[in-house]
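This is the structure I have questions about; it appears just below.
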2 protein chains.
Amino acid sequence: MQTATVTMDVAPKKAPPIPRNGVDTPAVVETIFGVVANQPELAKFQFRASNQWMTGTHSRTTMKGFFGASGEQAHHKDFTADGDHPAVLCGADQAPTPVEWVLHALATCLTAGIANIAAVRGVTLHRVESKVEGDIDLLGIFGLSKTVRNGYQNMRITFEIEGDAPPEKLREIVEQSRARSAVYDVITNGIPVEVSVKS
Amino acid sequence: MQTATVTMDVAPKKAPPIPRNGVDTPAVVETIFGVVANQPELAKFQFRASNQWMTGTHSRTTMKGFFGASGEQAHHKDFTADGDHPAVLCGADQAPTPVEWVLHALATCLTAGIANIAAVRGVTLHRVESKVEGDIDLLGIFGLSKTVRNGYQNMRITFEIEGDAPPEKLREIVEQSRARSAVYDVITNGIPVEVSVKS
């Protein structure tokens with residue numbers, strides 16, 4: 001019995017995950033390592049959105065259905081969101097600008113990852129806040145410069161994070177979220193986008 | 001008199017822009033070519049967002065202030081939007097996913113550009129709708145593959161556009177919007193993003 005106990009001390013059995021940070025940790029672990037690891041085709045997703053022009057620079061997007069886990073899925077309701085240009089750019093300021101929505105996408109992606117990763121690592125979070133900003137020179141989109149790009153020249157996101165772990169461990173969680181973030185990958189590495197007009 | 005008339009016919013003076021498509025076309029033209037062309041420093045903008053973790057994978061972003069036109073600016077109100085993971089990915093489905101927000105950013109950017117460009121080109125639009133979709137293999141973000149990327153592998157956006165111009169001219173407007181889109185540039189070419197944790 002003592003030998004067994006020593007063996008246990010040297011290589012302790014990992015504690016089973018428990019719900020934490022509002023994350024159903026057992027379900028996350030089972031989904032990834034129990035289900036998808038054995039059926040990788042379940043990981044193929046397609047997300048979709050429909051957009052409708054309202055007036056001026058104002059348009060509205062609806063997000064509901066998507067494909068994943070080998071079948072059609074749907075959010076529990078239609079989500080809608082608008083975009084517009086601000087008054088200083090001659091818009092009606094009915095909604096955030098398209099480039100602000102990119103900041104939102106990045107912040108929500110990294111923050112969701114932080115919550116999931118912390119839960120799996122047994123860290124209880126108390127607070128996660130971030131500020132994200134991007135610098136853009138509109139000479140590009142105005143067509144007033146041949147050298148200035150259209151998009152942001154750079155972006156920065158700064159987190160404040162509190163939890164029941166040392167600062168270094170909390171930083172490692174943020175870093176792991178960055179390393180596994182879909183939106184961070186899209187924004188930093190770029191992806192092919194096809195723009196077409198239906199005849 | 002006749003000579004003068006003929007000269008006018010050969011090189012007619014461009015008609016002054018008029019408001020169209022809900023766009024204050026004269027203001028857009030004056031802002032870009034009358035003001036910013038002569039004071040390029042006015043084109044330097046910084047957009048910002050603040051995000052707060054709610055619980056689980058759910059977080060909320062606030063967008064209000066930004067810098068541009070040589071000064072601090074603000075939307076007429078705080079805009080807020082949420083992000084979450086869907087139920088099939090163990091989230092609470094309180095909002096669109098971060099990767100859907102990227103689709104929204106692209107659609108609103110291209111659509112705003114279409115409205116502005118059509119207005120400047122004297123084309124009245126009747127309808128602009130688009131569907132955007134992105135394919136993503138979650139083996140990347142799940143850490144189950146070393147070769148699958150985290151982000152979308154590709155995206156497609158398809159427009160339906162109606163206006164008082166021939167199809168070819170409407171297509172050229174969509175193409176010009178693509179060529180001058182900030183979000184299209186960010187998504188296709190990528191930008192440097194700095195992620196940090198405040199001590």
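Across region A:20-31, which residue is nearest to A:G163 (Cα to Cα) among those that are free of Cβ contacts under 8 Å to residues at least 12 places away in the same chain and in a helix (DSSP H, G or I)?
Checking each candidate, the answer is A:P26.
Take the residues of region A:160-184 that are of a type in the set (S, T, Y) and at the interface with chain B (Cβ under 8 Å from one of its Cβ atoms): which is surrounded by the fewest Cβ atoms within 10 Å (Cβ to Cβ)?
A:Y184
Same structure, new question: Evaluate the following for A:P17: is it at pLDDT below 95, within 14 Å of chain B (Cβ to nearest Cβ) and not in a helix (DSSP H, G or I)?
Values: at pLDDT below 95: yes; within 14 Å of chain B (Cβ to nearest Cβ): yes; not in a helix (DSSP H, G or I): yes.
Here the answer is yes, as A:P17 does meet what is asked.
Would you mind telling me which numbered condition in (1) more than 7 Å from every other protein chain (Cβ to nearest Cβ); (2) buried (at least 16 other Cβ atoms within 10 Å of the Cβ); (3) within 14 Å of the chain's Cα centre (by Cα) B:I157 fails?
(1)
Give the residue, chosen from B:A112, B:A118, B:A107, that is at pLDDT 95 or above, touching a Ser or Thr at 6+ places or on another chain (Cβ under 9 Å) and more than 7 Å from chain A (Cβ to nearest Cβ).
The match here is B:A118.
Output yes when any residue across region B:64-76 is part of a helix (DSSP H, G or I) and at the interface with another protein chain (Cβ under 7 Å from one of its Cβ atoms), and no when none is.
Scanning region B:64-76, I find no residue that is part of a helix (DSSP H, G or I) and at the interface with another protein chain (Cβ under 7 Å from one of its Cβ atoms), so the answer is no.
The values are calculated or read from the model by the stated rules, or taken from the named source; none is laboratory data. Model, not experiment: these values are computed from the prediction. Note that each Cβ is placed from the backbone with ideal geometry, even for glycine, and that neighbours are counted across all protein chains shown.
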